[in-house]
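Read through the structure below, which is laid out as structure tokens, and then see the notes.
The values are calculated or read from the model by the stated rules, or taken from the named source; none is laboratory data. Keep in mind the model is a prediction, meaning the values are calculated, not measured. Note that each Cβ is placed from the backbone with ideal geometry, even for glycine, and that neighbours are counted across all protein chains shown. Areas reflect the complete protein model, heavy atoms only, side chains present, ligands, DNA and RNA absent. Shrake-Rupley method; radii C 1.70, N 1.55, O 1.52, S 1.80 Å.
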Amino acid sequence: MIESANAVSPSTSVERRPISGRQVDLEHGAYTASIASVGASLRFLRHDGRDLVVPFDADEVRPAFRGAVLAPWPNRVVDGRYTFAGVDHRLALTEPARGHALHGLAAWAEWELIASSSSSATFRCIIEAQDGYPFRVQVSTTYTLDDDGLHTEVEAVNLGDVDAPYGTGPHPYLVAGDGHVDDWTLELPASQVLTVTPDRLIPVSLEPVDTADTEHFDFRSPRTIGDTFVDHAYTSLGRDADGRVSVRVTAPSGSGVVMHWGDGLPWVQVHTADQPVPELDRLGLAVEPMTCPPDAFSTGTDLVVLAPNTPHRVSWTIAAL
């Protein structure tokens, strides 16, 4: 038998790589981090050896979107349906239990490493036009370690010739120290919360955090999380003199972690990471600054409209306390 010139020999070796993708390790001072190329995911972040986010193994399928970059939308598109520029679209339902399109299209993509140093790495992903999202968008993510922690910048460019709907945000699970979420204290400077249905987490209404029905969501003054369940988006975020929003999580020992960000991210999803599997339950607190709230593709609330060839950038920082 004559083999085709394009046939692959059974003996051809395939490069072995971890299941979470190419690993890029970063270091600066007391900080170390590792980025996995699938989803441009923050696989771990440590300060003096202490975890600041819930890590995952390089040869593990990333659990629960830990550390992934979410684009071209964060959170949920309800029923996977939306209308943009007068055209109806229907996305694949990637959260089948609730019947929604969850966390965009880039979280399971292989991102290309385009630049790196000992303390910085830049990854790039092109979201190709497809059913439900017929827009071509390039997303680049740069991670940089310095004395102030891990800085992340996400830049999106619309490569097409018509406007495209867009949103982004990260998905880290912050770790304050020993124990679980219940043991930690949260300081969250947000005065409004988006209530949702209990079964499918469909947005219902934006409410103040200090009413009788919502006071358990109020963490403007630091307090212990306890057994409070949260999987909600907050807004009306308080900012410091530098214009930054800061969310702090601390352990009884005094250790902790802070996440802060500036303009362009008026929402933050907070989730107590409740899981049915005991060894995964409430291991870290998801803190996800977002450009827009859940279902923004449908409602248009704070939706970013990417004009062709016009970059959109946002950034955030995670640091030890």
Worksheet item: If you check S191 against the conditions, is it out of contact with any strand residue (DSSP E or B) (no Cβ under 7 Å at 6 or more places or on another chain), hydroxyl-bearing (S, T, Y) and open to solvent by 10 Å² or more (accessible area, probe 1.4 Å)?
Response: no
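So that you can scan it fast, the table gives a plain yes or no per residue for (1) farther than 25 Å from F219 by Cβ; (2) touching a Phe, Trp or Tyr at 6+ places or on another chain (Cβ under 9 Å); (3) polar (S, T, N, Q):
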position: R136; (1), (2), (3): yes, no, no
position: T141; (1), (2), (3): yes, yes, yes
position: L145; (1), (2), (3): yes, yes, no
position: L194; (1), (2), (3): no, yes, no
Worksheet item: When the stretch 148-184 is examined, which residues are found to be in a strand (DSSP E or B) and within 21 Å of D48 (Cβ to Cβ)?
Response: G149, L150, H151, T152, Y173, L174
Worksheet item: Inside the stretch 84-128, can you point out the residues that are assigned to a loop (DSSP other than H, G, I, E, B), touching a helix residue (DSSP H, G or I) at 6+ places or on another chain (Cβ under 9 Å) and among the aliphatic types (A, V, I, L, M)?
Response: L91, A107
Fill in: Selection count where residues are small (G, A, S) and either open to solvent by less than 10 Å² (accessible area, probe 1.4 Å) or not in a loop (DSSP other than H, G, I, E, B) (or both), scope the stretch 253-262
1
Item to complete: Being assigned to a loop (DSSP other than H, G, I, E, B) and more than 23 Å from T195 (Cβ to Cβ) is the filter here, so list the residues in the stretch 268-295 that pass it.
Response: P276, V277, D281, L283, G284
Item to complete: Please enumerate the residues belonging to the stretch 101-156 that are more than 30 Å from L321 (Cα to Cα), small (G, A, S) and in contact with a Gly (Cβ under 6 Å, 6 or more places away or on another chain).
Response: A101
Worksheet, complete the sentence: Inside the stretch 140-169, the number of residues satisfying the requirement of being open to solvent by 10 Å² or more (accessible area, probe 1.4 Å) and not hydroxyl-bearing (S, T, Y) is 12
Discussion item. Given (1) aromatic (F, W, Y); (2) within 30 Å of S255 (Cα to Cα); (3) open to solvent by less than 10 Å² (accessible area, probe 1.4 Å), identify the lone condition not met by Y173.
Written reply: (3)
Practice prompt. Mind checking which strands (runs of 3 or more DSSP E) fall wholly inside the stretch 17-81 and carry at least 1 residues that are charged (D, E, K, R), open to solvent by 10 Å² or more (accessible area, probe 1.4 Å) and out of contact with any Lys or Arg (no Cβ under 8 Å at 6 or more places or on another chain)?
Written response: 23-28, 41-47
Fill in: Residue that is surrounded by the most Cβ atoms within 10 Å (Cβ to Cβ) [pool: residues in the stretch 109-125 that are without any contact (Cβ under 8 Å) to a residue 24 or more places away in the chain and under 19 Å from the mean Cα position of the chain (by Cα)]
T122
Fill in: the stretch 129-139, subset in a strand (DSSP E or B) and of a type in the set (A, V, I, L, M), residue surrounded by the fewest Cβ atoms within 10 Å (Cβ to Cβ)
V137
Worksheet entry | Extreme residue, farthest from V258 (Cα to Cα), among residues of the stretch 206-236 that are without any contact (Cβ under 8 Å) to a residue 40 or more places away in the chain and either open to solvent by less than 40 Å² (accessible area, probe 1.4 Å) or touching a Cys at 6+ places or on another chain (Cβ under 6 Å) (or both) | T214
Practice prompt. Quick one: which residue in T301, T250 is open to solvent by 10 Å² or more (accessible area, probe 1.4 Å) and touching a Gly at 6+ places or on another chain (Cβ under 7 Å)?
Written response: T250
Worksheet entry | Among the residues listed as A286, A319, A296, A273, the single one being modelled with pLDDT under 95 and surrounded by 15 or more Cβ atoms within 10 Å (Cβ to Cβ) | A273
Discussion item. So, L265, is that one assigned to a loop (DSSP other than H, G, I, E, B), touching a residue at least 24 places away in the same chain (Cβ under 8 Å), aliphatic (A, V, I, L, M) and buried (at least 21 other Cβ atoms within 10 Å of the Cβ) or not?
Written reply: yes
